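Rule-based calculations on the coordinates, nothing more; no lab input. Quantities reported herein were computed from a predicted structural model and do not represent experimental measurements. Cβ coordinates were reconstructed from backbone atoms using ideal geometry, including for glycine residues, and neighbour counts include every protein chain displayed.
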Amino acid sequence: MIKVGIPRALLFYYYYPLWRAFFTELDVQVIVSPETNKRILDAGLRSALGEACLPVKLFFGHVLELSDKVDYLFVPRLISVEQKEYICPKFMGLSDMLRARLPNLPPIIDTAFDVSERRGFDWPHFFEKVGSIFTRDRHLIKRAYCSALEADKNFRRLLNSGLLPPEAMDAGKGMSEAAATSVASQGFLKIGLLGHPYNLYDSYISMNLIGKVRQMGASVITAASVPDDLIESQTKKLPKRLFWTLGKQMIGAALTFFENEQLDGVIYLTSFGCGPESLVGELVERWAKHRANLPFMMLTIDEHTGEAGMVTRLEAFTEMIKRRKKHENYVSAYGKPVHCC
Amino acid sequence: MKITYPHMGNLYIVVRALLTSLGVDLVLPPPTSRRTVELGVRYAPEFACFPLKLNLGNFLEARELGADTILMAGGVGPCRFGYYAQVQKEILDDLGKSMDMVVLEPPDVSWREVKDKIRYVVGDISWWRIFKAIRFAWYKARAVDTVEERVLFLRPRTYEPYRLEEYRRQALRRIDEASDKREMDEILRDFNNQCRTLPLKSGPFLRVGFVGEIFTVLEPFANYDMERRLGLLGVEVTRSIYLSAWINEHLFGGLLRVKGMEHVDKLAAPYLNSFVGGHGQETVGSTVEFGRQGYDGVVHVAPFTCMPEIVAHSILPAVSKDYGIPTLTFYLDEQSGEAGIQTRLEAFVDLMAARREKRRKENL
C-alpha cells in the first residue's frame with residue numbers, strides 16, 4: 001500500500017478531513033506526523049531558515065519526522081483558493097523551500113491550487129491532478145473526491161456549531177450538533193480567540209492556550225466557528241478588499257466578535273514575524289479599542305516563548321475582565337464607570 | 001490640495017517631473033533621515049516591514065511642511081505593500097493627523113476607478129498633456145538610471161571616489177531641475193565628459209550582483225548605502241532592478257519593452273516554480289543569472305520579516321551550490337547597525353577575492 005505523509009502543521013488544520021477522505025478512498029494510506037513535541041520543533045529549527053516564522057519552522061520539523069516513513073509527501077502549493085486572493089507567500093513557496101533545504105526527501109506532491117489558473121477551478125480539478133499520480137481509474141478518483149467533499153462539508157458543519165478543529169477532526173459523523181454546542185458553551189467568561197489555526201490548535205507551540213483559558217473559567221470561541229458567509233459580509237466593511245484568505249478570516253472573525261455583545265474579551269495569538277498578521281493584527285487592535293471597547297490582548301509566540309510569562313498575562317487579562325464585569329454597573333458620582341476594585 | 005509622496009531612492013525626481021508638469025502643487029518630504037525612522041517606528045506596527053515605517057515617517061514629516069494629500073502606489077497582493085495605504089491611513093487618523101490618500105493600483109472592479117483617481121489629482125487636463133508629462137518623467141527616469149549605472153561601473157575603478165560622488169550629485173540635481181529632454185541629454189553628456197577626466201585603475205575587479213526587495217535595493221538610506229560601500233571596497237556592483245525597469249513593469253505594463261523581469265522568472269523556475277509576491281522569484285532568478293554570468297557573488301537585501309524574500313532566501317543556498325556563487329543576505333530594519341554591515345561586507349569581499357585567487361592558481 002502506498003503511503004502518503006501529511007505533516008501536522010499549517011494547512012493540516014484547514015484541510016485534513018478533506019485530504020484524508022480523498023486518499024483513503026483511493027486506497028492510499030495516510031500517515032500524519034505525531035503531535036508536535038520538542039524533538040520535532042528542534043528538528044524544524046535546525047533545518048529551516050532563521051528568519052522564517054515559527055509555524056513554517058515547525059512544518060520543516062514535521063516533514064523531517066515523516067520523511068523516512070512515507071512514499072510521498074503531500075505538500076500542495078495553495079496559491080489562491082478564492083478569486084483575487086492569496087494564501088501567504090511562504091505557503092506558496094513551501095515545497096520549493098523544502099527541496100532547497102532538505103535533501104533526500106521522498107517525492108513531494110506539490111500540485112498547485114490556483115483559482116485564477118482557469119475558469120471555475122476548484123477542488124475536483126485539483127484532485128484529478130493529484131489522483132492521477134496514484135491511479136488511472138478516473139471513476140475511482142471521482143468517487144474519492146466526492147466523498148472527500150462530503151467529509152469536508154461535515155467538518156465545516158461541526159466547526160460552525162462551535163467545535164474546535166482538533167475536536168471536529170476526531171469526532172466521527174455521529175457527533176450531533178447539540179452535543180457540540182454543549183461542549184462550546186460552558187464557562188463564566190466568554191473569550192474570543194483569534195489566531196491562525198496552525199498556531200492556536202497546536203497545543204505545544206501555543207502552550208495549550210485554549211486549555212489554559214478554559215481552566216481560568218472561560219469558554220472559548222474561535223474564528224473557526226464563524227461561518228464563511230458571515231466573514232464575507234463582515235469583510236465588505238474593510239476600506240479595501242483584503243487579499244490574504246487566511247488574514248481575511250481573522251479580520252472577519254474579529255469584526256464578528258466586536259458585534260457579539262456576550263463576549264468579554266478577545267485574545268489574538270500571533271507568531272513572531274508573521275507578515276500578514278503584522279498589518280491585520282494592527283487593524284484589529286485599533287478597532288478593538290475604538291469601535292468595540294472590548295478588552296484586547298495580543299500574544300506573540302516564537303520558539304523562545306516562556307510558559308510562565310504567558311500564564312501571568314492570561315491571569316492578569318482574565319482578572320481584569322472579571323473585575324470589569326463585577327463593577328460594570330458601578331457609576332461614580334462623577335459620571336464615569338470605574339473599572340477598579 | 002498639496003500632494004506628497006514617499007521616498008524611494010531617486011523616485012522623487014521622476015514623480016516631481018510628472019506632477020509639476022501637470023501643474024500639481026506638491027510638498028516633497030525631507031530626505032529620509034534618522035528622524036524619519038524614529039517617527040515611523042514610533043507609530044507603525046512593530047512587525048510591519050521597514051518600508052512601511054519609513055513611508056509613514058515621510059508622510060508625517062511632509063505633513064509638518066503642509067502636505068494634506070498622499071499619492072502612493074498600491075497592489076493586489078500577496079505582498080504586504082498592497083495594504084500599506086489602508087494601515088497608514090488608520091494610523092494617521094488615530095494620531096489626529098488625517099491626510100487624504102490617493103492610491104494608484106490595479107482596480108478591483110473597473111478601470112474607471114483609476115481614471116477617477118487621476119482626475120482627482122490632476123484636475124481637468126487633457127489626456128495629451130498627461131501623456132506628455134508621463135513621457136517627460138520617463139525620460140528623467142532613464143537619465144537617472146544612466147547616471148547610476150555609470151557610477152556603479154566607475155566606483156571601484158576610480159582613484160578619486162569623492163569626486164565621482166560629487167559629479168553624481170551634480171548630475172542628479174541638474175536632472176531634477178531640467179525642463180526638457182534636450183537639456184537632459186546635455187547633462188548626461190557633461191556627466192560623461194566629467195567622468196572621463198577621472199584617472200582609472202585597471203582591473204580585474206570583483207563583480208557582485210545586487211538583488212532583493214525593490215525598496216531596500218533602491219533606497220540607499222534603507223540599505224545603508226551598500227552599493228557605495230561595495231564600490232569603495234573595489235567591487236563592481238550590478239543591480240538586478242532599476243527604477244525605470246520597475247516603472248515600466250508596474251505602471252506601463254511592459255509597453256515600452258525595456259529589459260524586464262520575465263526571463264528571470266524562467267531562470268528561477270527550477271528552484272522556485274511559482275510567483276510568491278513582491279520580488280521573491282526575481283531574486284532567485286537574478287541570482288541564477290548572475291551565477292551563469294560568472295559573477296563572484298550576490299548580495300541580497302530585504303526588509304526584516306519580508307515574506308517573499310524569506311522564501312527566496314530559503315532557496316538561495318541551492319542556487320549557490322549549483323552555480324558555485326556565494327550569497328550574502330541582509331535583513332534590514334531600524335535595528336541594523338552600520339558597523340556590522342560594513343564588517344560583513346568586508347568579510348564577504350575578502351572571501352570572494354580569495355576564491356578568485358584560488359581559481360586563478362588552479363587554472364595555471
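Tabulated data
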| item | result |
| --- | --- |
| Loop GluC sites (Glu not before Pro), the range B:32-82, which have at most 16 other Cβ atoms in a 10 Å radius of their Cβ (DSSP) | B:46 |
| Loop-located trypsin sites (Lys or Arg not before Pro) in the range A:101-156, at most 13 other Cβ atoms within 10 Å (DSSP) | A:118, A:119, A:136 |
| Estimated Rh, chain A: Kirkwood, alpha-carbon pairs, angstrom | 21.3 |
| Alpha-carbon spread of the range A:185-327, three principal axes, descending order, Å | 38, 37, 25 |
| For chain B, with +1 on Lys and Arg beta carbons and -1 on Asp and Glu, the positive-most of B:313, B:65, B:30 along the dipole | B:313 |
| Using alpha-carbon coordinates, inclination of helix B:161-177 to the longest axis of chain B, degrees | 20 |
| Whichever lysines have a C-alpha closer than 21 Å to that of residue A:212, once near sequence neighbours (fewer than 8 apart) are set aside | A:38, A:190, A:322, A:325 |
| Gap separating the Cα centres of the range A:221-297 and the range B:27-51, nearest whole Å | 26 |
| Rounded if a/c under 1.5, otherwise prolate or oblate - the range A:187-227, Cα gyration tensor axes | oblate |
| 11 Å beta-carbon shell around residue B:177, net charge (K/R +1, D/E -1) | +2 |
| Average beta-carbon neighbours from other chains, 10 Å sphere, peptide A:51-61 | 2 |
| Packing rank of A:88-95, B:337-344, where each peptide gets the mean count of other beta carbons within 10 Å, highest leading | A:88-95, B:337-344 |
| Listed residue (B:328, B:114, B:187) projecting farthest to the positive dipole end of the protein assembly as shown, Cβ model | B:187 |
| Cβ-Cβ FRET estimate between residue B:163 and residue B:321, R0 fixed at 41 Å, reported to 0.05 | 0.50 |
| Test item: Cα-centred dipole of the range B:3-123, Lys/Arg +1 and Asp/Glu -1 on Cβ, debye | 280 |
| Anisotropy class of the range B:183-254 from Cα gyration tensor, a/c 1.5 cut | oblate |
| Two-site FRET efficiency, residue A:139 against residue A:114, from Cβ-Cβ distance with R₀ of 22 Å, rounded to 0.05 | 0.25 |
| Fraction of antiparallel bridges per DSSP, the protein assembly as shown only, in percent to nearest 5 | 5 |
| For residues of B:104-112, the mean tally of beta carbons on other chains within 10 Å | 1 |
| Extended-chain gain in nm, criterion 0.36 nm per residue less alpha-carbon gap, residue A:84 and residue A:69 | 1.7 nm |
| Volume of the Cα convex hull of the range A:43-181, divided per residue and given in Å³ | 151 |
| Per-residue average of Cβ from other chains inside 10 Å of B:300-312 | 5 |
| Inter-site label distance for residue A:35 and residue A:236 at 7 Å from Cα along Cβ, in nm | 4.1 |
| For chain A, the longest site-free run once GluC sites (Glu not before Pro) in DSSP loop states with at most 15 other Cβ atoms within 10 Å are removed | A:118-260 |
| Those trypsin sites (Lys or Arg not before Pro) in the range B:47-106 that DSSP places in a loop and that have at most 14 other beta carbons within 10 Å | B:97 |
| Unit charges at the beta carbon, dipole of the range A:185-327: most positive-side option, A:256, A:195, A:299 | A:256 |
| Estimated dipole of the range A:185-327 in Debye, rounded to 20 [Cβ of Lys and Arg +1, of Asp and Glu -1, Cα centre] | 600 |
| Equivalent-ellipsoid semi-axes of the range B:178-320, from the Cα gyration tensor, Å, largest first | 28, 21, 14 |
| Residue order, fewest to most beta carbons within 10 Å, for B:306, B:79, A:274 | B:79, A:274, B:306 |
| Fraction of beta bridges assigned by DSSP in chain B that are antiparallel (%, nearest 5) | 5 |
| Computed FRET value (nearest 0.05) for residue B:100 with residue B:38, which takes r as the C-beta separation and R₀ as 30 Å | 0.75 |
| Computed over chain B, the ratio Rg/Rh where both radii use C-alpha atoms and Rh is Kirkwood | 0.96 |
| Quotient of C-alpha Rg and 2.2 N^0.38 Å, computed over the protein assembly as shown | 1.04 |
| For the protein assembly as shown, size of Cβ-based charge dipole, Lys and Arg +1, Asp and Glu -1, in debye | 760 |
| Computed lengthening from residue A:228 to residue A:167, 0.36 nm per intervening residue step minus Cα-Cα distance | 20.0 nm |
